[in-house]
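Trainee: The following block contains the structure, expressed as structure tokens.
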Amino acid sequence: MEHPARKAAGEIAQIVGAQLQGQLADQVKRRFAAWNDPRAKLDRRYRRSSRALTFWLIVLSILTVVGGLALAVGIHTAFAVVAFGGAAGTGVLALRTRGKMREIDAARQQLAIAPVRTPLPARSSAARGPMERLEEAEDTLRELLHQIDSAALTSVPTDSVVQARATGAEAASALRAVSQQLQAVERARDTAPPLDRAALVEGVRRLREQLDEGVDGYCGLVAAAGRVLAESTASNPRQVLGEATDHLAGLASAMRDLPRWN
């Protein structure tokens, strides 16, 4: 029969190993997502173009100096012509590289307006489905509010649109916090001894219900925005959007007040 102390040590090592494996997988996932982030890709392209521009400017300076010295000391004219021709070609390359840098910088500024995408939970996580719904709802709400904010399409005041946009962002942040909490409880459930898992299984179920309720509330705001846009001539579109915004704000506040699992 295995010694109790050795058995306990083995269980502890298994739990710690599983936790470290989960942390390592999360770290690899974050680094992979950071590497593939569109902003990071543009930053790398900008740095490469900047180094290329520096190289072309150095070559341009050298060729210009060489061509000038060739003319000054009376070296064969063909040598100076070649040097100045090379300088002209290098100058063209430098200008093209500088233009590419401007394009990349404009793309970076455009991306700065767009929201940062948080990596979705693992497919095995109960939080995956709600977070996929949330991402789709965020994209839809962003487009709807952009069109509602056009005076040519609707009569909704700008302050109502701003409030709806801010409330949506706050609610999405609260939902992602609940998603992270749910994933943490899932990891604890998977590494806990069998006799201790019942409470954690119940915690996962409860958090999933709260997550579904919050995403449903967010989709309610999306639906309200869609109705406002579809019925742009309605008597009181501000009230329709305001009621949905207030309801979502209440849900977001309730989710932020949830007790945290440690």
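The values are calculated or read from the model by the stated rules, or taken from the named source; none is laboratory data. Please read these numbers as outputs of a predicted model, since none were measured by experiment. Using ideal geometry, Cβ is built from the backbone for each residue, glycine included, and neighbour counts are taken over all protein chains shown. The area values use the complete protein model at the heavy-atom level, side chains included, leaving out ligands, DNA and RNA. Shrake-Rupley method; radii C 1.70, N 1.55, O 1.52, S 1.80 Å.
Trainee: Can you pull the accessible area of Val73 for me, 1.4 Å probe, Å² to the nearest 10?
Mentor: The accessible area of Val73 comes to roughly 100 Å².
Trainee: May I pose another question? From the phi of every residue in the range 161-166, what ³J(HN,Hα) in whole Hz does the Karplus formula 6.51 cos²θ - 1.76 cosθ + 1.60 yield, where θ is phi - 60° and glycine or proline is x?
Mentor: So the J values, rounded to whole Hz, are 5, 4, 5, 5, 5, 5.
Trainee: A further question on this structure: FRET efficiency for Asp105 and Glu202, Cβ-Cβ distance as r, R0 = 35 Å, nearest 0.05?
Mentor: Between Asp105 and Glu202 the formula returns 0.10.
Trainee: How do the peptides 192-205, 94-107 rank, highest first, by the average count of neighbouring beta carbon atoms within 10 Å per residue?
Mentor: 94-107, 192-205
Trainee: At Thr118 and Val81, where each label point lies 7 Å from the Cα along Cα→Cβ, what is the point-to-point distance in nanometres?
Mentor: Distance between label points: 6.7 nm.
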